[in-house]
1. Helices (runs of 4 or more DSSP H) wholly in region B:126-244 with at least 2 residues that are more than 30 Å from B:Val279 (Cα to Cα) and away from chain A (no Cβ under 14 Å) - which ones?
2. Answer yes or no as to whether B:Gln806 is under 28 Å from B:Glu213 (Cβ atoms) and within 32 Å of the chain's Cα centre (by Cα).
3. Is there a residue in region A:94-115 that is within 12 Å of chain B (Cβ to nearest Cβ), in contact (Cβ under 8 Å) with a residue 24 or more places away in the chain and among the acidic types (Asp, Glu)?
4. Quick check on my filter: what residues within region B:48-64 are within 14 Å of chain A (Cβ to nearest Cβ) and either of a type in the set (Ser, Thr, Tyr) or in a helix (DSSP H, G or I) (or both)?
5. Can you list residue pairs whose Cβ atoms sit under 7 Å apart, with the first residue in region A:8-30 being under 19 Å from A:Gln76 (Cβ atoms) and the second being in a loop (DSSP other than H, G, I, E, B) and among the β-branched types (Val, Ile, Thr)? Count only pairs 6 or more apart in sequence or on different chains.
6. So which residues in region B:245-269 are assigned to a helix (DSSP H, G or I) and over 23 Å from B:Leu308 (Cβ atoms), if there are any at all?
7. Checking the conditions here, which among A:Val91, A:Val5, A:Val27 is within 12 Å of chain B (Cβ to nearest Cβ) and either assigned to a helix (DSSP H, G or I) or farther than 30 Å from B:Leu206 by Cβ (or both)?
8. Just a yes or no: is a residue in region B:375-398 basic (Lys, Arg) and within 14 Å of chain A (Cβ to nearest Cβ)?
Amino acid sequence: MAGAVSALFLLDIKGRVLIWRDYRGDVSAVQAERFFTKLIEKEVDPESHSPVAIDDGISYMFIQHSNVFLMTAARQNCNAASILLFLHRVVDVFKHYFEELEEESLRDNFVVVYELLDEMMDFGYPQYTEAKILSEFIKTDAYRMEVAQRPPMAVTNAVSWRSEGIRYKKNEVFLDVIESVNILVNSNGQIIRSDVVGALKMRTYLSGMPECKLGLNDRVLLEAQGRTTKGKAIDLDDIKFHQGPFDSLAACQGNVCRLLIPYHLRCVRLARFENDRTISFIPPDGSFDLMTYRLSTQVKPPIWVEAQVEKHSRSRIEITVKARSQFKERSTATNVEIELPVPSDATNLNIRTSMGSASYAPENDALVWKIKSFPGGKEYMCRAEFSLPSITAEDATSEKKAPIRVKFEIPYFTISGIQVRYLKIIEKSAYQALPWVRYITRAGEYELRLI
Amino acid sequence: MAPPPIVQQKSSSPSQPSGKSEVSDLKLQLRQLAGSRAPGADDSKRDLFKRVISYMTVGIDVSAAFSEMVMCSATSDIVLKKMCYLYVGNYARCHPDLALLTINFLQKDCRDVDPMIRGLALRSLCSLRVPNLVEYLVSPLSSGLEDGSPYVRMVAVLGVLKLYHISATTCFDSDFPASLKNLMLTDSDAQVVANCLFVLQEIWNLEANKSEEANRERETLLSKQTIYYLLNRIKEFNEWAQCLILELISKYIPSDSNDIFDIMNLLEDRLQHANGAVVLATIKVFLHLTMSMTDVHQQVYERLKAPLLTLVGSGSSEQSYAVLSHLHLLVMRAPMLFSSDYKHFYCQFSDPSYIKKLKLEMLTAIANESNTYEIVTELCEYAGNVDVPIARESIRAVGKIALQQYDVNAIVDRLLQFLEMEKDYVTAETLVLVKDLLRKYPQWSHDCIAVVGNISSKNVQEPKAKAALIWMLGEYSKDMPDAPYILENLIENWDDENAAEVRLHLLTAAMKCFLKRPPETQKALGAALAAGVADSHQDVHDRALLYYRLLQYDVSVAERVVNPPKQAVSVFADLQSSEVKDRIFDEFNTLSVVYQKPSYMFTDKEHRGPFEFSEEIGNLSLDQESMDNAPRFDESDKDLLLGTSEREENGGTSINGAATPGYSAPHDYNSSLVPLSSQTQSEPAVTSQTSFAIDDLLGLSMLAAPEPPSLKLNSKAALDPGTFQRKWGQLGVSISQEIPISPQGVGSLTTPQALIRHMQANSIHCIASGGQSPNFKFFLFAQKDDGSASFFLVECIVNTSSAKAQVKVKADDASASEAFFALFQSALSKFGM
């Protein structure tokens, strides 16, 4: 059974109902509020509670966004994954409308919120959740709304996510390749887990109905195109394509993926795409995610950290940290932040660094060492000395806890070696469009359990 | 200024600011504006409406302004209209008399030139939920379904479902389901098609218990034609509708393997969808389609791994949680397939604890010879975690891995190291584990006891851990020089010990210790028995008395009772039976997976699909705790009831099956049930003896189509499985007989569902069923429709090859059982006609 939800609630940080939409009339707001306030009271940290909970035969699923909770109540056996995702989509839509989704913005916009909730879900079944479609028939500035409203094109099913007749003076495409490195290092300094998650994000300012063609150096893609893979090709473990309102894309054989064109053109061009396996698509206007991929081959951590703890006496501790950049000299990591855990009762911190600055962040029980610019092949040091109270609390026997965490960004560099070989824009008016491609590698979950 | 009319505050809640004066003020202003055609009147109206809506949202009852709002609704301004619809929708249900006022203008708006307004008005009209206004819905809905604008059609389709929930008969009388079916197969707009499918599924699922026709309709939704039609258009649908269609496809029964491969090839790219829900729905299709093809099923698992692992790592933690729950299910079904991916389940420091918990369970499940070392090392890192519940879970996980027999040696060392960490909760968890380990591997007792002996019982406070420690003291008192004295100490503090569990263990440990080292323990045992007999807890008192009398009677008998030679436990019983696990697997991609419970355990009956209702197989073998004293069905029953589960898949779970024989149900319970393994041979003999009043009944069965007797059955009878089992155990057999089944009936009995549906139409409900051709077994029940809670319980074993049904009836009211049997027989004889 597909499972419809009974109601959608927007609650404040204490769990009180700000606004709710009753879709099926079989749950009560009072009951939901009572349940939810109790739930978050119980937890010191609301995020530690599982996002799905059941009470009296009603399943509640919720997410938090800034100071607002979004929650559905359902009596049926629903599809949990899809509803949690739907809630995130609701957040996106609200953000599109109100810039930021928080209690204030909801209070100021009751009417629009109701309108949106009505169009996004009907009788508990998800309907349109694309901000771009919704904004064609629910205007933010309700006061200046034109009387002659027509349902948007997507709703009338004429085309898709891209309207006809878009015009730009300067035609440009920005493609960002962003890779996040996830690393887990154990206390012996061994890498026990590493992977890379990449995303291709686009912003397009293109006139008319352009078709984009994108070439990557993914091995499977290259081989499928019958090209020789000379050294540089990489293997992506898994690719996901993000899609417009109407699923237009991605027909794959094995690992080879291509984006198809919207279905009203599909019949004409399908044959060609069967043979030619480049990624080709008609982009929506503005910014969107094109695809994400994952790579689980082990990579060399771009920033390596070594730590040494010396206990001079029972109450005097010195930590020496060495940070080394393990990438080519021509690249430079920026905004490097190394967070070192220190005991919560540490006092008299004395910190020296060979580069950058370090400060004590008592709210995180950590020392934060910041280096603005960290070129490849360099090594920097940080030495911190601190005292502990000579009388220790009883439960403080083992202070084993947070790992060292590292944040950084390395522009013009992809750790996987993925490259955009070409990005072509084809439009019937044959204008010149400028493609801009930017690479960046940043730290994802980057944890070293060294101390 | 004229005084405002009397305001009737109907349901203003006392906790809210009453806002009475504001409401009357608003009413007044609205009234003034109602007729105004002045320029700018719309703007002022908007302001007022906005205020009304704000009041409504914050909980102030503004229903008093209903008529004024309706008066102001005559406008062409769509924003005003929307606000007005919102207002009306909010108050119509509690003020049905006022709702009547709105019908007129809503109906008019349904004929507006603007499709937006038509759609919105229709949606509001259907959302009023006022039963006596149903008649006004039919004609706007029928024209809405034929509207030129897909927006209006989309709204109208869901309107039909709303109508169905207000008045099902009106919905069927207007033949809306048929229109929807037609629309679903012809409409050009994908969202209209999707909504048709939502509606038809919901209606037929709810109706399926009531009528045969609804069942047929439900099956046509699953016909090859419909499925292929939707499959071919799947890319036109938005992501939510795709999930729905995929869900439908997962129930489709393919005609042959080509069919399966066609569908899988067509859906292959859905695994690459960025929406995790679509990916999960696709995975469900793949898993269910390949159920019968073991090797392909394995390959499917392999294929699914990469997309699932990517999904876990991307997106919000809530999404990861939903995906991980499903991964968890798959890992539990086929742990060996994931054994090389263990690193993906390592916990990040920043993971929320609900995610960490799932990851720990998965790490436990996939541990095998090759990865145990790494996994245990990782788990030991968590034992010092700041998050204490997770630290506990990690220690338990280490213990569970040890019990799985991999690399026990190293693990025992690690556990003993935990004890040296001297953290109370670590010690507590570890003690429990060491106890379990010793029960399984007595050969380790020497190493463990040396360390356990050093633990001061003062540092152990948690009852479970204390009980474990005491158990070890008793069991290994020979090897622990201090044992009698530690026990003595504990017994001295008997009154401070709150947990009965601990006191019970203390008694037994004192007994064991006494039997091994009498002179040292005698005093302690005496004290323990005295304290035990005086204990206010019934169990403690009874046990103390039992020991006391045993010792009085004969010490060697006491020895045999308390200290018999023990066999090492080979497998600890799993809490969840494999049927329950299979049910959860059937409900893949629903809340069941997140809760790790089949849906019948957490949803109300009316919110379940017919499948869920009629096949409550799992209930019959729920974990024992949940139904104390309930008779357990025989092991062979369980096999038969397993039905669809493919056991060779469950490398990990097959242990559970093996664990059950150890549990011997009390004999008298078992004897009331017929062991199914011997059913075909011994059954007729048994029944011919036990059946009485047979002449009478035979006479009935001679009639070709016996008249249904006057007994009326309650068509909505409900009985929960626990009660069923209890009753079945308590009641005696009132009728047991073999009856023939018509050849047509045999022909249509390919799955148990066919018969279940048929019997349901005759108000006889199924509580559990199972089996494969030629043997099927059903447990059915029915209730008298005279307000009494009198139930009839039936066990029906059908053998299709001999075209016979073996029926046993038990009844609360034995005098009515003959009438019921006749009814049952007549119902069965019509099966397949």
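The values are calculated or read from the model by the stated rules, or taken from the named source; none is laboratory data. Just so we're clear, the structure is a prediction, and the values are computed from it rather than from any experiment. Methodologically, a virtual Cβ is constructed for each residue, glycine included, from the backbone with ideal geometry; neighbour enumeration extends over all protein chains shown.
1. Per the criteria, B:135-145, B:168-173, B:176-186, B:212-221.
2. No; evaluated as a whole, the condition is false for this residue.
3. No, the conditions are met nowhere in region A:94-115.
4. B:Leu48, B:Phe49, B:Lys50, B:Arg51, B:Val52, B:Ile53, B:Ser54, B:Tyr55, B:Met56, B:Thr57, B:Val58
5. A:Tyr23/A:Val5
6. Hits for region B:245-269 are B:Ser257, B:Asn258, B:Asp259, B:Asp262.
7. After ruling out the rest, the residue left standing is A:Val91.
8. No, every residue in region B:375-398 fails to be basic (Lys, Arg) and within 14 Å of chain A (Cβ to nearest Cβ).
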